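Working notes for the structure below.
Coordinate-derived values only; no laboratory data. Remember, it's a predicted structure, so these values are computed and weren't measured experimentally. As a convention, Cβ positions derive from the backbone with ideal geometry for all residues, glycine included, and neighbour counts pool all protein chains shown.
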């Protein structure tokens, strides 16, 4: 049986979508209202973060790149060192670093379910 090659624009894809939250327990009205409240608060927080970022940039511009103070406020710059890129250290290739990992941190995230 002879097959003809597919063109470069033709693709056969078998897409299987699975629900990553199939294990989650369905909740009722009180839970839904609280989730809606949290979603609205998170959206408000995003809007406030945008406003804070703009005000911070404006104060930074007014400070002309130097620590500044006035009216009981101090606006100072500090630098945090960047993270170490362990994957780029050749001596650590193949070394299991899990024994040096700190304790797990529990976090919760609210997302919208895709239907």
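If you check 104, 78 for being assigned to a loop (DSSP other than H, G, I, E, B), under 30 Å from residue 32 (Cβ atoms) and without any contact (Cβ under 8 Å) to a residue 60 or more places away in the chain, only one passes: 104. Residue count for the range 19-38 under the criterion of being part of a loop (DSSP other than H, G, I, E, B) and in contact (Cβ under 8 Å) with a residue 40 or more places away in the chain: the result is 1. A single member of 92, 41 is without any contact (Cβ under 8 Å) to a residue 24 or more places away in the chain, under 19 Å from the mean Cα position of the chain (by Cα) and surrounded by 10 or more Cβ atoms within 10 Å (Cβ to Cβ), and it is 41. Just one of the listed residues (105, 74, 66) is closer than 30 Å to residue 18 by Cβ and loosely packed, with under 10 Cβ neighbours inside 10 Å, namely 105.
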